[in-house]
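Q: Quick one: the structure is below, and I'll ask about it shortly.
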Amino acid sequence: MNQILTTKNDVHFRDCPKKGQKSQKRKNWFFFQFAFSIVIVLFLVGGAAFYFYRLGKKEDFSDRLLANYNIYRLYSNPNPSSDTEMTEEERQESGNHDLFGIIEIPKINLYYPVFSHLSEELLKVSPCQFYGSSPKENGNICIAGHNYDNALFFSKISSLSTDDTIFLYDKEGAKYLYFVYEKYEVSASDLSPVLNYNANEKILTLVTCNNFNNNRIIIKAKQKKLS
């Protein structure tokens, strides 16, 4: 009988994990969780760093585009076929023939070159004009810019208010003054901000995305004579 009891006890104690084994398993599990958390954090930080690096590259390219445009406008010969002051690489990069001019909004420290037509690739570089002709003429000039949520391109135009000033500069360097008179949002398919305007006025419409609801933020401004 004692032998049987002893055998049962031996089996009983042999099958039960020791306290040290439980502690080691717990430590291994905590280590795994910690290591996994570190990997996730590094992945997120790396992704964010890459995202802001890409945005910085876009901003840098836009700055160089603006610099080349200003150099071209300042030093170019009145004969457009003789713009030899810029290198061929600079002319190709700045795309002078594709630029509408410059937009400046002092309140939000915005100053960008504007392409004279719109494409997805150009929108990644700088704001684009997609409707209207010249600030010299009556009508509605529409300019679109990406919203990068970090003060790049049109990410801060939603903070504009009535009577805030906007300046446009054309290729000849002429300066045009606009005052904001309306701000609102529309759905992505709503074309009324582009098509509805007074044909006897000179209107400027800025368009960007609201990244929270996929609507379009619209800023309307009217041109007034510079004093």
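Each value in this text was obtained by applying a stated rule to the coordinates, not by laboratory testing. Since we're looking at a predicted model, the values are computed, not measured. Counting neighbours? That spans all protein chains shown, and the Cβs are built from the backbone with ideal geometry, glycine included.
Q: Using Cα pairs under 8 angstrom and six or more residues apart, how large is the relative contact order of the range 95-224, in percent?
A: Here the relative contact order equals 23 percent.
Q: Taking Cα centroids, how far is the range 95-148 from the range 187-212 in Å?
A: 14 Å
Q: For each pair in Lys156/Lys225; Lys171/Lys202; Lys107/Lys175, compute the distance between the two Cα atoms and list the pairs where it is over 22 Å. Please list the in-between numbers first.
A: Details: Lys156/Lys225 26 Å; Lys171/Lys202 18 Å; Lys107/Lys175 17 Å.
In this structure, Lys156/Lys225 exceed 22 Å between Cα atoms.
Q: Calculated FRET efficiency, Val41 and Asn214, Cβ-Cβ r, R0 35 Å, to nearest 0.05?
A: Numbers: r = 29 Å, r/R0 = 0.84.
Once the sixth-power term is evaluated, E becomes 0.75.
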